[in-house]
Amino acid sequence: MEVINTIGRRKTAVARIYMTPGNGEIKVNGRDYKEYFPFEVHQIILQQPFTTLNATGTYNLKVNVRGGGVTGQAEATRMAIARALVENSAENRPALKKEGFLTRDPRMVERKKYGRRKARRKFQFSKR
């Protein structure tokens, strides 16, 4: 197996990963993933596709992620990992699809409208 390159998105976060067979080393923007995502919740989100397939520690990942916040970046990376695992072996698809790792979450920030304070919030109304 050569290098598998996939992309994952969530809100404005975009994660590009390069997956190779290895010992489970994950580098995010040149740093270890536990250093880049210090909260355990985000580390668990990153590992979910591997734990679903019982493939923890079998692939090395090099992740480039930009945009959005930490949770969006973690979920974008999860999607990219799931896509790479499907590209590696088509038998992985049903298990990952059932967990929802292959579905792009379409929710985005609603744009601000003119004549309003925010997207839906109106300016304060003064009767007198």
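The values are calculated or read from the model by the stated rules, or taken from the named source; none is laboratory data. Remember, it's a predicted structure, so these values are computed and weren't measured experimentally. Heads up, the Cβs are rebuilt from the backbone with ideal geometry, glycines too, and the neighbour counts pull from every protein chain shown.
Return the residues of the range 10-48 that are of a type in the set (G, A, S), under 15 Å from the mean Cα position of the chain (by Cα) and either part of a loop (DSSP other than H, G, I, E, B) or farther than 19 Å from L96 by Cβ (or both); say none if nothing qualifies. Walk me through it before giving the result.
Applying the first criterion (of a type in the set (G, A, S)) to the range 10-48 yields 13, 15, 22, 24, 30.
Going one step further and asking which of them are under 15 Å from the mean Cα position of the chain (by Cα), we end up with 13, 15.
Correct list: A13 only.
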Go through the range 27-47 and give me each residue that's without any contact (Cβ under 8 Å) to a residue 40 or more places away in the chain, closer than 18 Å to G72 by Cβ, surrounded by 15 or more Cβ atoms within 10 Å (Cβ to Cβ) and not aromatic (F, W, Y). H42, Q43, I45, L46, Q47
Only one of (1) of a type outside the set (G, A, S); (2) in a helix (DSSP H, G or I); (3) modelled with pLDDT of 95 or more fails for R120. Which number is that? (2)
Going through R107, R78, R93, R83 one at a time, which residue ends up being more than 17 Å from I44 (Cα to Cα), surrounded by 10 or more Cβ atoms within 10 Å (Cβ to Cβ), in contact (Cβ under 8 Å) with a residue 24 or more places away in the chain and within 20 Å of the chain's Cα centre (by Cα)? R83
Considering only the range 5-33, state which residues are of a type in the set (D, E, K, R) and touching a helix residue (DSSP H, G or I) at 6+ places or on another chain (Cβ under 6 Å). R9, R10, K11
With respect to Q73, determine if the residue is among the polar types (S, T, N, Q) and crowded, with 22+ Cβ neighbours inside 10 Å. yes
Inside the range 51-98, can you point out the residues that are within 19 Å of D32 (Cβ to Cβ), touching a helix residue (DSSP H, G or I) at 6+ places or on another chain (Cβ under 6 Å) and among the small types (G, A, S)? A74
Please work out which residue is farthest from T103 (Cα to Cα), limiting yourself to the range 49-72 and to residues that are part of a helix (DSSP H, G or I) and either in contact (Cβ under 8 Å) with a residue 24 or more places away in the chain or under 11 Å from the mean Cα position of the chain (by Cα) (or both). V70
